[in-house]
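The values are calculated or read from the model by the stated rules, or taken from the named source; none is laboratory data. Computed from a predicted structure; not experimentally measured. Positions of Cβ are backbone-derived with ideal geometry, glycine not excepted, and every protein chain shown enters the neighbour counts. Just so you know, the surface numbers come from the protein's heavy atoms only, side chains and all, with ligands and any DNA or RNA stripped out. Shrake-Rupley method; radii C 1.70, N 1.55, O 1.52, S 1.80 Å.
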Amino acid sequence: GDAVKAAGGRLLPLKVSGGFHSPFMSDAAEKFKAEISKTGLKPTEIPVYANLTAAPYSDDMEKTLSGQMDHPVLWEKTIRAMAESGIDTFVETGAGSVLQKLVTKILPDARAYSVENIAQARLVLEEVL
């Protein structure tokens, strides 16, 4: 911490259980890449955006998937790229609404929802359609 302060920086401990999306995950990323390469995984017909590239997955799935483990997440760039491609509605599934709020900050005019259960999913579906 002292070296960071001396260099003019600020140290903030993160409440995470691992060094995800950083070089600390490089060994795990290499092992994952070796395993995923055995699957013959191909991109989907519907574009799925990778947080490593902020673009839809391409044919190099192993490199992209493993790279997401030890590289920073390009969240804002990904959301903006999706919007530029015409996407204007975002639905976060699971517990919480952190991602919904982040989308709203990045794209104030986008429709962003958070869905934690079937009842909420039905309401969002009715509104979107």
For the chain, averaging the sequence separation of alpha carbon pairs under 8 Å that lie six or more residues apart and dividing by its residue count, the contact order in percent is 18 percent
Using the Cα gyration tensor of the chain, the equivalent ellipsoid's semi-axes, largest first and to the nearest Å, work out to 29, 23, 15
Over the chain, with neighbouring protein chains present, the accessible area per residue in Å² at probe 1.4 Å is 73 Å²
By the DSSP-based rule, helices of the chain that are at least 20 Å long along the axis (C-alpha) and have a mean Kyte score of at least -0.5 are none
For Lys33, counting only lysines whose alpha-carbon sits under 20 Å away and dropping same-chain residues fewer than eight positions off, the answer is Lys42, Lys63
Hydrodynamic calc, region 1-45: Kirkwood Rh from Cα pairs, then Stokes-Einstein at 10 °C with viscosity 1.306 mPa s, so D in µm² s⁻¹ is 114 µm²/s
Compactness check, region 46-90: C-alpha Rg relative to the 2.2 N^0.38 Å globular estimate gives 1.13
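Based on DSSP loop calls and a cut-off of at most 14 other Cβ atoms within 10 Å, the longest stretch of the chain free of exposed trypsin sites (Lys or Arg not before Pro) is what?
Working: sites that count: Arg10, Lys15, Lys38.
Of all site-free stretches, the longest is 39-129.
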For region 2-71, listing chymotrypsin sites (Phe, Trp or Tyr not before Pro) in a DSSP loop whose Cβ sees at most 14 other Cβ atoms within 10 Å gives Phe20
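Using a 1.4 angstrom probe on heavy atoms only, work out the carbon and sulfur share of the accessible area of the chain in %. If you can, show how the numbers build up before the last one.
Values: 5560 of 9430 Å².
Here it works out to 59 percent.
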Sorting Ser22, Ser37 on solvent-accessible surface, 1.4 Å probe, most exposed first, gives Ser37, Ser22
